[in-house]
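**Student:** Please read through the structure below; I'll follow up with questions.
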Amino acid sequence: MLDYALDFTPQRLSETPHCLRVGPWQVNYQAFARHANDQRAPVLLLGGAFQSFRSFASEIETLLAEHPVLLIDLPSQGCNEQQAPELSLEGLADLLNDSLAALGVAQVKAVGLSYGSALAALFAVRHPTRCERLLLAGVTQFGRDGSRRLLEQALTLLQQGQQDAFAHGAMAGLINHLALEHTQVSAGFRKALYRQIVRMDDAAQLRYQQNSQRLLNFQGFSAYPQCPTLVFTGEFDHFTQPWENAAFAAQCPQAEAYLIRNADHLAQFEQRDACLSLYSPFLHGQTVTANAPHTERIDLQDLDTLERRQQPHLSANLNVQLSHPELGSLSAHLSQLSYFGGLLSVTLPDDAPLLDWHLHCNALGEQAIALVRNQGRCATFVCTHLDADADQRLQDYLQQHLSTQALKASA
């Protein structure tokens, strides 16, 4: 049985965790409860790419009133510095199960956020008797090409030593800059997150690379969690979009899905109370109601009504130049544009690289992009948002011209 610490304070999360050896692997963990002999299934917290145990201080304080809590860092996760490039996502899920068995934990109520959601869901699929309930935020049924391209570009930037560009791109994936008026993510929070990412040391960069590569290598879910499952996401989440989260939930026989209003991919930070209002009833097996502020239940029988674009596309009609380190400069025509990507008329070689492109024109300046699909005489792309000034110029252009387009449409 777990040896629970009974004196939780947020400062405890900065202490050296317990270390468990499972075969060749080191597994770090901390466990907290209100009662030493608590026999109930603990809530297992699995975080995202830039999270550590300290990220869960508020959740633990809330959950401890009703549940024991267990935090685990597997190799290359969180602050566990053991590298494990050979472990797949499936391998991590199996190691998580072996770790729980070694700790004498028969069942858990798993909570997976962002990257942790894929791991938690796969754990529930592969080891159903170990997972009593499952709560996920920012999960998808399959990897969209656009999201995959952003991860691939991020890995390339790290390999090239472009730490500043990597940090800006990572920020753009986590925070929807078009929705700041709604999410109210402060400039101070954004600055602190940028500093955390840009100052990643070599070990942290390796962990990020390994975790991202696992996601890219993952072939998708061939089966889905059978236990009671709750999925939620922010309404402005453009990295794991609401319709993707709902599509995953629709594949699970005992799932429900919720939208967190005025939030994006970082919903658990931006609307913490709204997210926690879902935790308590669900983890207790009670009926979840969407009457808490900023929460809305998603009808899984009507997925077609969910919007799949975070911003309307602008009919751009711009002549642009594309440049690439290997192919040089090419003329193209930009026909559609949004903050997240667009459509180009251009003739490219069939084997043209997908990453490290730049788009140039007077109206937009220089924008970093990655190709999603090369379709002969046209190509779709995602904006990779690697420079703050260029990003602001893109936002200003779109705001001005989308307003004009809307006025013309209503005339």
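**Student:** Looking at the chain, which longest stretch skips every one of the chymotrypsin sites (Phe, Trp or Tyr not before Pro) that is in a DSSP loop with at most 16 other Cβ atoms within 10 Å, leaving the sites themselves out?
**Tutor:** 219-411
**Student:** With N set to the number of residues, divide the alpha-carbon radius of gyration of segment 145-213 by 2.2 N^0.38 Å and report two decimals. Working shown, then result.
**Tutor:** On the way: Rg = 12.6 Å, N = 69, 2.2 N^0.38 = 11.0 Å.
This ratio for segment 145-213 stands at 1.15.
**Student:** Pairs of alpha-carbon atoms within less than 8 angstrom and 6+ residues apart define the contacts here; what relative contact order does segment 62-170 have, in percent?
**Tutor:** Once divided by the residue count of segment 62-170, the mean separation gives 18 percent.
**Student:** Show that you can apply the helix-only estimate: for the chain, add -39,500 (n - 2.57) for every DSSP H stretch of four or more residues, divide by all residues, and state [θ] at 222 nm to the nearest 500. Please list the in-between numbers first.
**Tutor:** Details: 12 runs with 140 residues, N = 411.
It lands at -10500 deg cm²/dmol.
**Student:** Something else: If you restrict to DSSP beta bridges whose two residues both lie in the chain, what percentage is antiparallel, to the nearest 5?
**Tutor:** The antiparallel proportion sits near 65 percent.
**Student:** Quick one: among GLN321, GLN51, GLN209, which has the greatest mean-square fluctuation in a GNM of the chain with alpha-carbon springs under 10 angstrom?
**Tutor:** Per the Cα network of the chain with a 10 Å cutoff, GLN321 tops the list.
**Student:** Modelled label-to-label distance, GLN163 and GLU61, 7 Å Cα→beta-carbon offset: nm?
**Tutor:** About 3.2 nm, to one decimal.
**Student:** Something else: Output the Cα-based Rg and Dmax of the chain in Å, rounding Rg to one decimal and Dmax to a whole number.
**Tutor:** When restricted to the Cα atoms of the chain, Rg and Dmax are 22.0, 70 Å.
**Student:** Still on this structure, I have one more. Going through segment 333-393, which trypsin sites (Lys or Arg not before Pro) have at most 10 other Cβ atoms within 10 Å and a DSSP loop state?
**Tutor:** Passing sites in segment 333-393 are ARG377.
**Student:** Another question about this same structure. Dipole of the chain, Cα-centred, from +1 at each Lys and Arg C-beta and -1 at each Asp and Glu C-beta, to the nearest 20 debye? All intermediate terms of the calculation are to be shown ahead of the outcome.
**Tutor:** Details: 27 positive and 41 negative charges, 46 e Å.
My answer is approximately 220 debye.
**Student:** Just the ratio, please: alpha-carbon radius of gyration of segment 1-131 over 2.2 N^0.38 Å, N its number of residues.
**Tutor:** For segment 1-131, the normalised Cα radius of gyration comes out at 0.96.
**Student:** Moving on to the next point. Are there any trypsin sites (Lys or Arg not before Pro) in segment 291-349 that are in a DSSP loop and have at most 13 other Cβ atoms within 10 Å? List them by number.
**Tutor:** Loop-located and lightly packed - ARG308, ARG309.
**Student:** Express the relative contact order of the chain as a whole percentage, based on alpha carbon pairs under 8 Å and six or more residues apart in sequence. Intermediate results must be reported in sequence, preceding the final value.
**Tutor:** On the way: 774 pairs, mean separation 49.3, N = 411.
Taking the mean separation of contacting Cα pairs over the length of the chain, I get 12 percent.
**Student:** Which three numbers, in whole Å and largest first, are the semi-axes of the equivalent ellipsoid of segment 314-402 derived from its Cα gyration tensor as √(5λ)?
**Tutor:** 20, 14, 11
**Student:** Which helices, counted as full DSSP H runs in the chain, have an axial Cα extent of no less than 24 Å and a Kyte-Doolittle average of -1.0 or above?
**Tutor:** Helix filter hits for the chain: 388-410.
**Student:** With each label point set 7 Å from Cα along the Cα-Cβ vector, what nm distance links ARG199 and SER329?
**Tutor:** So the two model labels end up 4.0 nm from each other.
**Student:** Moving on. Measure out, as a whole number of angstrom, how far apart the alpha-carbon centroids of segment 170-231 and segment 1-52 sit.
**Tutor:** 22 Å
**Student:** So for LEU386, LEU206, fewest C-beta neighbours within 10 Å to most, what's the order? Present the calculation step by step, with values, prior to reporting the outcome.
**Tutor:** On the way: LEU386 23, LEU206 16.
With the sparsest Cβ surroundings first, the list reads LEU206, LEU386.
**Student:** For segment 89-231, max minus min Cα coordinate along each principal axis, in Å, sorted largest first?
**Tutor:** The Cα atoms of segment 89-231 stretch 44, 35, 30 Å along their principal axes.
**Student:** If you don't mind, another one. Among ALA49, ALA36, ALA106, whose mean-square fluctuation peaks in a Gaussian network model of the chain (Cα, cutoff 10 Å)?
**Tutor:** Of the options given, ALA36 has the highest mean-square fluctuation.
**Student:** Once Lys and Arg get +1 and Asp and Glu get -1 on their Cβ, which of THR156, PHE50, ALA255 lies farthest toward the positive end of the dipole of the chain?
**Tutor:** Going by the charge dipole, the pick is ALA255.
**Student:** May I ask you to evaluate 6.51 cos²θ - 1.76 cosθ + 1.60, the Karplus curve with θ = phi - 60°, for each residue of segment 49-55 and list the ³J(HN,Hα) values in order in whole Hz, giving x for glycine and proline?
**Tutor:** 4, 10, 9, 10, 3, 4, 5
Read-outs throughout are calculated quantities, based only on the coordinates presented, and are distinct from any laboratory measurement. What you see is a predicted model; the values in this text were computed from it and never measured. Quick reminder, even Gly has a Cβ in these numbers, built from the backbone with ideal geometry, and neighbours come from all protein chains shown.
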